[in-house]
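Worksheet for the structure shown next.
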Amino acid sequence: MEEFSYALIWLGFFASIILGLYFYLSARHKERMALIEKNANVTEIFKARDIRFPWLKLGMIITGVGVGVFFSLFAISSMTIGLPNDVVVIGNMLLFGGIGLVIAYYIEKPKEK
């Protein structure tokens, strides 16, 4: 019975991905057909967009989470407070990851001007 539930979970996962792609592509197709029927300028839709992957933000998040894990391991080994270890690790990961995002924002801010 357990294998059947795992099979249903995987089936639902892949079905949701396929249905999501289908509805996305059909909506995009309908929108483009409507623009073509109205003789609208469709070159703006098909032109290449300047989309860059935010490598700096991703790097700062990963670095912040790594520093948070390192700091939490250091804090757990020398901690006298009765907090559970999971709370300390997750809290520090979120704290230092957020600090990394704030630093990445202030580094990228002058580049956008």
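The values are calculated or read from the model by the stated rules, or taken from the named source; none is laboratory data. Since we're looking at a predicted model, the values are computed, not measured. Virtual Cβ from ideal backbone geometry, glycine too; neighbours counted across all protein chains shown.
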Every pair of residues 6+ apart whose Cβ atoms lie under 9 Å, when the first sits in the range 11-35 and is within 20 Å of K47 (Cβ to Cβ) while the second is aromatic (F, W, Y) and surrounded by fewer than 10 Cβ atoms within 10 Å (Cβ to Cβ): R32/F46
What helices (runs of 4 or more DSSP H), lying completely within the range 1-92, carry at least 2 residues that are hydrophobic (A, V, I, L, M, F, W, C) and modelled with pLDDT of 85 or more? 2-37, 55-77
So which residues in the range 1-29 are among the charged types (D, E, K, R) and surrounded by 10 or more Cβ atoms within 10 Å (Cβ to Cβ), if there are any at all? R28
For the range 102-113: of the residues being aliphatic (A, V, I, L, M) and surrounded by fewer than 14 Cβ atoms within 10 Å (Cβ to Cβ), which is modelled with the lowest pLDDT? I107
